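Presented below is the structure to which this report refers.
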Amino acid sequence: MAEQMQEHIYIIPLRDARRMPRWKRANGAIKDIRKYLAKHMKTEDVKLDKTINEKVWSRGSGKPPSKIRVRAMKLEDGQVQAELAPES
């Protein structure tokens, strides 16, 4: 596995998912997380850990959280791997 270059903790707002129909909100929130990380880490290759998916879908498709805390690591090959950050 490649060495990690950068590591950041982001609090990603998911309020834009509220503009979608209820049954699409969790899917929209996942897309928003990928888009946010691609923009801030300057790469298109974003892999999300299953803990992020479980957190977003924990209350069903209609009620994703309003924000989520994520730890993102950018590897030397340009890939970003993200996982749920521990609450502090």
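We did not get these values from a lab; they are worked out from the coordinates using the rules stated. It should be emphasised that the depicted structure is a prediction, and the values quoted were computed from it without experimental measurement. Note that we place each Cβ from the backbone using ideal geometry, even for glycine, and neighbour counts take in every protein chain shown.
Scanning region 45-61 for residues that are surrounded by 13 or more Cβ atoms within 10 Å (Cβ to Cβ) and assigned to a loop (DSSP other than H, G, I, E, B) gives 45, 49, 57, 61.
With respect to the conditions (1) touching a strand residue (DSSP E or B) at 6+ places or on another chain (Cβ under 6 Å); (2) farther than 20 Å from residue 86 by Cβ, residue 37 lacks only one, and its number is (2). Considering only region 53-76, how many residues are touching an Asp or Glu at 6+ places or on another chain (Cβ under 7 Å) and more than 14 Å from residue 6 (Cβ to Cβ)? Total meeting the criteria: 1.
Do we find that residue 24 is free of Cβ contacts under 8 Å to residues at least 60 places away in the same chain, in contact with a Ser or Thr (Cβ under 8 Å, 6 or more places away or on another chain) and either charged (D, E, K, R) or in a loop (DSSP other than H, G, I, E, B) (or both) in this structure? Judged against the criteria, residue 24 is a match. Within region 70-88, the set of residues being touching a residue at least 40 places away in the same chain (Cβ under 8 Å), over 11 Å from residue 11 (Cα atoms) and not in a loop (DSSP other than H, G, I, E, B) comprises 73, 74, 75, 80, 82.
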